[in-house]
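**Q** What follows is a single structure, and I will ask about it in a moment.
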Amino acid sequence: MSGFALSIALLAVASLAAIPVMVAAEGDRGWGAIALGQAVGAIAAAAIGFGWGVSGPARIAVADEPHRRTAYVESVRARLVLFAPIAASSGLAAAALSPQSAGLAVLGAVTAAAAGVSANWYFVGRGAPYALLLAETLPRVAGTAVGIALMLGGSGAAAGLAGMLGGMIAAFACSTTWILVRTRRHRALAPRPARLTRILADQRHGMGSALGSAVYIAVPLVVVTIVAPAAQPVFALVDKFQRQVGVALQPVITVAQGWVPRRDTVQSASRARSVLVVGGGMALVIGVAVLLAGAPALTWLGSGEIEVATIAIVLMALFVAVNFFESLVAKALLPSLGRLRIGARATIVSTLVVVPLVAVGAVFWGAPGALAAVVGGLLTRGIVEAVAAARTIRSSKTVVIREEIDA
């Protein structure tokens, strides 16, 4: 966990450090356009990633080296085909939603969409945190650092976003090279990659869960931009911070993704039960920590230009706690238990319900109203997924007991 935590910490620090510099360079409205573009781009990234971030680690964890090579090659082929049309569409959508700062919105969308070609799921499945650090994390951090330096030197936020995009591209090149070189001696034994249609069909449930989660997180900001533009900078700042905290907590989920499915069915169910219990306790502690640290952190991120109400900070802490627990269940437990379909359905239903509630909340209560709707929907989704995981674990335990009795 410490190895994966190092990568996540570096990415989180780099991303957070870029926010106040962007706000200072473009003001609250310019920052709002960038955040909007990144939200739209996050949906595009999930569509480009097509579920490999959800189902990929479990698949890599149980596969041998030849099949790991084939799995990654299949993912690269599929994602490169998807990248151009989806990234371009996200840029057009961002420009349409933020016409006054269209350039920043487009660049923010394309930069965020590039995360869809990340290979981090492969390293997670292999349990190779330091390979992830060298091949994936450091190029991305270097790109962000270059962007920050350019902005501090007087360039606009566009230069900062360009640096981030360059880091994404370098990370993809380095990771792909590392994986293909590392598995080169297994090339002769690797199965031939499947056809694109077959690959996408096999990934449909993982894609549904990943895309639904991305839509759930990103759409509220889009809705607030449309129905309550005055509240958008505050909502965007809170949303960005809570998502970066979620990124910082990713090592726990990352380790669980590769740890739970690594053994036989009986041990996987036992490990899943442990993750469910420990994850619930961790979520409570995390929520309290965010509540205490939220106000000073948001003041720094907003460069003193964006004021956030106390109720919004409380809701942000609730979101971070619930989001951590739900992500743990959806990304680490349900794939390992063969219940990806439950996560996809729960995500789609909660998104359809929450979007109109966000609009109503934003119109009448501003950013806090929108945040309350998001938290309520996420809590409902997490409960549905946790109940499904608990029932599956209980069922697995019952089957084992019956087999032992029969023996």
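The values are calculated or read from the model by the stated rules, or taken from the named source; none is laboratory data. Predicted, not measured: the structure shown is a model, and the values here were computed from it. Ideal geometry is used to build each Cβ from the backbone, glycine not excepted, and the neighbour counts take in all protein chains shown. Accessible surface is based on the protein model in full, side chains and every heavy atom, while ligands, DNA and RNA are left aside. Shrake-Rupley method; radii C 1.70, N 1.55, O 1.52, S 1.80 Å.
**Q** For region 76-88, does any single residue satisfy the condition of being of a type in the set (D, E, K, R), farther than 17 Å from Arg204 by Cα and assigned to a helix (DSSP H, G or I)? Before you say what the answer is, go through the steps one by one.
**A** So the first thing to find is which residues in region 76-88 are of a type in the set (D, E, K, R), and the list is 77, 79.
Checking which are farther than 17 Å from Arg204 by Cα leaves us with none.
Scanning region 76-88, I find no residue that is of a type in the set (D, E, K, R), farther than 17 Å from Arg204 by Cα and assigned to a helix (DSSP H, G or I), so the answer is no.
**Q** Going by the conditions given, is Val73 open to solvent by 30 Å² or more (accessible area, probe 1.4 Å), under 28 Å from Arg182 (Cβ atoms) and assigned to a helix (DSSP H, G or I)?
**A** On the way: open to solvent by 30 Å² or more (accessible area, probe 1.4 Å): yes; under 28 Å from Arg182 (Cβ atoms): yes; assigned to a helix (DSSP H, G or I): yes.
Considered against the rule, which asks whether it is open to solvent by 30 Å² or more (accessible area, probe 1.4 Å), under 28 Å from Arg182 (Cβ atoms) and assigned to a helix (DSSP H, G or I), Val73 comes out as yes.
Yes or no, residue by residue, for (1) more than 20 Å from the chain's Cα centre (by Cα); (2) among the acidic types (Asp, Glu); (3) part of a helix (DSSP H, G or I); (4) at pLDDT 90 or above:
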residue	(1), (2), (3), (4)
Ala5	no, no, yes, no
Ile8	no, no, yes, no
Ala12	no, no, yes, no
Val40	no, no, yes, yes
Ser101	yes, no, yes, no
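**Q** When both residues are 6+ apart or on different chains and their Cβ atoms are under 7 Å apart, which pairs have a first residue that lies in region 249-266 and is crowded, with 20+ Cβ neighbours inside 10 Å, and a second that is of a type in the set (S, T, N, Q) and modelled with pLDDT under 70?
**A** Val260/Ser268; Pro261/Ser268
**Q** Give the residues of region 282-318 that are open to solvent by less than 70 Å² (accessible area, probe 1.4 Å), in contact (Cβ under 8 Å) with a residue 24 or more places away in the chain and not in a helix (DSSP H, G or I), sorted by residue number.
**A** Gly302, Ser303, Ile306, Val308, Ala309
**Q** For region 64-86, check the following and say yes or no: at least one residue is modelled with pLDDT of 90 or more and within 20 Å of Lys240 (Cα to Cα).
**A** Checked against the condition, which is being modelled with pLDDT of 90 or more and within 20 Å of Lys240 (Cα to Cα), region 64-86 yields no hits at all.
**Q** Which residues, taken from region 57-96, are closer than 12 Å to Ile199 by Cα and under 20 Å from the mean Cα position of the chain (by Cα)?
**A** Scanning region 57-96 gives Tyr72, Ser75, Val76, Ala78, Arg79.
**Q** I've got another one for you. Which one is modelled with the highest pLDDT among residues in region 165-213 that are open to solvent by less than 40 Å² (accessible area, probe 1.4 Å) and not in a helix (DSSP H, G or I)?
**A** Taking the candidates together, the pick is Thr183.
**Q** Moving on to the next point. If we keep just the residues of region 378-387 that are open to solvent by 10 Å² or more (accessible area, probe 1.4 Å) and in contact (Cβ under 8 Å) with a residue 12 or more places away in the chain, which is farthest from Val219 (Cα to Cα)? Break it down into steps so the answer makes sense when it comes.
**A** Taking region 378-387 as the starting set, the residues that turn out to be open to solvent by 10 Å² or more (accessible area, probe 1.4 Å) are 379-380, 383-384, 386-387.
Pick out the ones that are also in contact (Cβ under 8 Å) with a residue 12 or more places away in the chain and you get 379-380, 384, 386.
Working: Leu379: 17, Thr380: 17, Val384: 21, Ala386: 24 Å.
If we take residues in region 378-387 being open to solvent by 10 Å² or more (accessible area, probe 1.4 Å) and in contact (Cβ under 8 Å) with a residue 12 or more places away in the chain, then Ala386 is farthest from Val219 (Cα to Cα).
**Q** List every residue pair whose Cβ atoms sit under 6 Å apart, with the two residues 6 or more apart in sequence or on different chains, where the first one lies in region 347-374 and is assigned to a helix (DSSP H, G or I) and the second, anywhere, is aromatic (Phe, Trp, Tyr) and open to solvent by less than 70 Å² (accessible area, probe 1.4 Å).
**A** Sorted first by the residue in region 347-374, then by its partner, the pairs are Thr351/Tyr216; Ala367/Phe235; Ala370/Phe235.
**Q** Within region 54-67, how many residues are out of contact with any His (no Cβ under 8 Å at 6 or more places or on another chain), assigned to a helix (DSSP H, G or I) and either open to solvent by 30 Å² or more (accessible area, probe 1.4 Å) or under 22 Å from Ala188 (Cβ atoms) (or both)?
**A** Total satisfying the criteria: 4.
**Q** Could you tell me how many of the residues in region 40-53 are hydrophobic (A, V, I, L, M, F, W, C) and open to solvent by less than 10 Å² (accessible area, probe 1.4 Å)?
**A** Our first condition is that a residue be hydrophobic (A, V, I, L, M, F, W, C); within region 40-53, this holds for 40, 42-48, 50, 52.
From what is left, the residues that are open to solvent by less than 10 Å² (accessible area, probe 1.4 Å) are 44, 48, 52.
Residues meeting the conditions: 3.
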